[in-house]
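Heads up, the thing below is written out as structure tokens.
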Amino acid sequence: MEQFLLTRKQMSSLLLSLKGLSDRTPLAILQEAWASSHKTDIELGTSLGAFMATTLPPIFAKIIKSNQREEGFSLNDIVSLGNQIEYTNFSVTSAQNWVKRDIKDVLGSPKVGKKYSVDQAAVLFIVEDLKSTLDFDSIRKLLTYVFLHPDDETDDLINPLQLYSAYSSIFEELDANNDQVLDVSGHESGRKNHDHMMENLIKQRASEYAGSLHGLRPEQREAVRNILVVAMVSVQASYFQTLAKRFFHATVFLQNLK
């Protein structure tokens, strides 16, 4: 059975829809996400068979059934949703440790009764990305720069869902051929050390986005730019980490196999 996974940009679109900030329904977002990876099946008229061969996660079935704005998520819902993002690996135990200890001061308490808001779900998705490059002390410091007080959303330099959507969208724009590696043009033959080219490209796009935000002081725009850069580099790192783990597990599993 094929897994039904979303890119980070598709997940951010789904969260925006669930929050009521999109003119598309959650069902339409999921339909578009599935269709984008099954264009050939749709063209050949074999989409029914292809979808029947796709594992529909219970969390997606729940969203499709309601097809309306989500008022709140349980922690289990967030973990289930997070595991449908490509190159992520959430566990309930880890998420419980995050909300109770590691990022408690950043996330705050549940904001929808005993459930977490869409923005709080976005915070957890951001943390999952950042932990591929940063320790939790660094993550707390970085997120505090832009979210300030978790119980007061009005003082955010950029709200969590807006941040998640921003770096997810920019990353996909910079990975036009969808090979999970940021596209860097301008390499000159015979020259080495092109590391700075990727760094400059990411910084440029992050600066452009931060510059489009209104009401921020220069140092605040810089803080937003920096977290966008860190997040995009972390997303890139998560792909390579996943790839390395796949080869490691394959090596262990196939060892002495007869």
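Things to note:
- Matching residues in region 61-76 - criterion: being under 17 Å from G20 (Cα atoms) and not charged (D, E, K, R): I63, I64, S66, N67, Q68, G72, F73
- Of all residues in region 43-59 being of a type in the set (A, V, I, L, M, F, W, C) and touching a helix residue (DSSP H, G or I) at 6+ places or on another chain (Cβ under 6 Å), the one that is farthest from L81 (Cα to Cα): A50
- Against the numbered list (1) of a type in the set (S, T, Y); (2) surrounded by 16 or more Cβ atoms within 10 Å (Cβ to Cβ); (3) within 30 Å of T93 (Cβ to Cβ), S74 comes up short only at (2).
- Residues of region 169-227 that turn out to be modelled with pLDDT under 95, among the polar types (S, T, N, Q) and under 20 Å from the mean Cα position of the chain (by Cα), as a count: 3
- Put simply, of S37, S12, S47 the only residue that is at pLDDT 95 or above, among the hydroxyl-bearing types (S, T, Y), surrounded by 16 or more Cβ atoms within 10 Å (Cβ to Cβ) and on the phi < 0 side of the Ramachandran plot is S12.
- Hey, I42 among the β-branched types (V, I, T), within 17 Å of S165 (Cβ to Cβ) and in a helix (DSSP H, G or I) or not: no
- Pairs, first closer than 23 Å to D77 by Cβ in region 46-60, second at pLDDT 90 or above and among the acidic types (D, E), C-beta under 9 Å, six or more apart: I59/D77
- Restricted to region 77-166, the set of helices (runs of 4 or more DSSP H) holding at least 3 residues that are more than 26 Å from G20 (Cα to Cα), out of contact with any Leu (no Cβ under 7 Å at 6 or more places or on another chain) and without any contact (Cβ under 8 Å) to a residue 12 or more places away in the chain comprises 92-97, 136-147.
The values are calculated or read from the model by the stated rules, or taken from the named source; none is laboratory data. Just so you know, these numbers come straight off a predicted model, no measurement behind them. Every residue, glycine among them, receives a Cβ derived from its backbone with ideal geometry; neighbour counts consider all protein chains shown.
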